[in-house]
């Protein structure tokens, strides 16, 4: 099994190596196929009227505020992680002032509507009064049972393949995003300029990709040698600190936005911008609390393990704060340049290489 995981890491690296255009095309095709099979299931259920007619019981107050909804929301919040990555591709957009906000809004609204419609359709496939019992008996198999019943066995097989491809697509998206974080930090002078080198042909931040792929291989091999389950240990244990950490970063960003408009740029401050920042801060704080309160359902681990996984986040933040204070004291020019982009000599770019934004 470890060999299969290493092959997957290599395939992710190779697509990332060839630049954002190829990666975007691969992700686009996989996204269309994966969404298509789910929409096929949903429309088949709707057209056949579900198990006992269609209803809106899923959206009643009794259903929305039923016990256990906090756990469901924790999974929902985690499912939306990644929408903020649109800003990472700002330098690669032709009109970032217009396309980045538009892409972000489309991603959020599109995911919300699509997810809600598909899950509602699956509930209708079993009937609102029987869906909970079906989920309790075989939560993971609900979609396969529904698509076999309403579309056919061939669709169930295709859905299994789409699950595999969706894992690959998510890893490719994370790979591209992390590479660009490393590239940006190299541009700012925080990381060595070696990380900021782009491929002479594809324009991709391939050196950051090499380092990330090596780290991924070491982690995968470590779990494999320990005989740990690839899902309940490798996937859940590794992803949980990242998911919680992103929530914390988004919350801090919302707070920083409010502070920026109130303390540093009152000329651009409007009631709408401040209200949006405050609202975002409150909602993200609630999302973080709900996620932490139900973290055992995400990790399927003991309280001690969860304490370690969640504790990684504040520890990492403390290390980051300490590093920032050191940079501010010892390398003030680098500290001042953080977030400003490339400075002459800040990152090595070989002759003839295009910046990552041209990839």
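None of the figures in this text is laboratory data; all of them are computed from the coordinates on show. These numbers come from a predicted model, not from an experiment. A quick note on method: Cβ atoms are made from the backbone with ideal geometry, for glycine too, and the neighbour counts reach across all protein chains shown.
So here's what we get for this one:
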{"quantity": "The chain - Rg over Rh from alpha carbon coordinates, Kirkwood radius", "calculated": "0.98"}
{"quantity": "Pair residue 279, residue 263: separation of 7 Å Cα→Cβ label points (nm)", "calculated": "2.4"}
{"quantity": "Length gained when the stretch residue 303-residue 194 is fully extended (0.36 nm per residue, less Cα-Cα span)", "calculated": "35.2 nm"}
{"quantity": "Rounded FRET efficiency, nearest 0.05, which uses the C-beta distance separating residue 79 from residue 231 and R0 of 22 Å", "calculated": "0.85"}
{"quantity": "Contour minus Cα-Cα distance for residue 331 and residue 238 (0.36 nm per residue)", "calculated": "30.2 nm"}
{"quantity": "Long-range tail of P(r) for region 168-229 (Cα pairs > 19 Å, %)", "calculated": "38"}
{"quantity": "Projected label distance in nm at residue 63 and residue 100, using a 7 Å step from Cα toward the beta-carbon", "calculated": "3.9"}
{"quantity": "Per-pair calculated FRET efficiency, R0 = 25 Å: residue 255 and residue 296 via Cβ, rounded to 0.05", "calculated": "0.35"}
{"quantity": "The chain, helix-only ellipticity at 222 nm - DSSP H runs n ≥ 4, -39,500 (n - 2.57), divided by all residues, nearest 500", "calculated": "-23500 deg cm²/dmol"}
{"quantity": "Potential extension, residue 46-residue 170 segment - 0.36 nm per residue separation minus Cα distance", "calculated": "41.8 nm"}
{"quantity": "Pairwise FRET efficiency - residue 340 versus residue 317, Cβ, R0 = 22 Å, nearest 0.05", "calculated": "0.50"}
{"quantity": "GNM flexibility winner over the chain from 141, 23, 242 (Cα, springs under 10 Å)", "calculated": "141"}
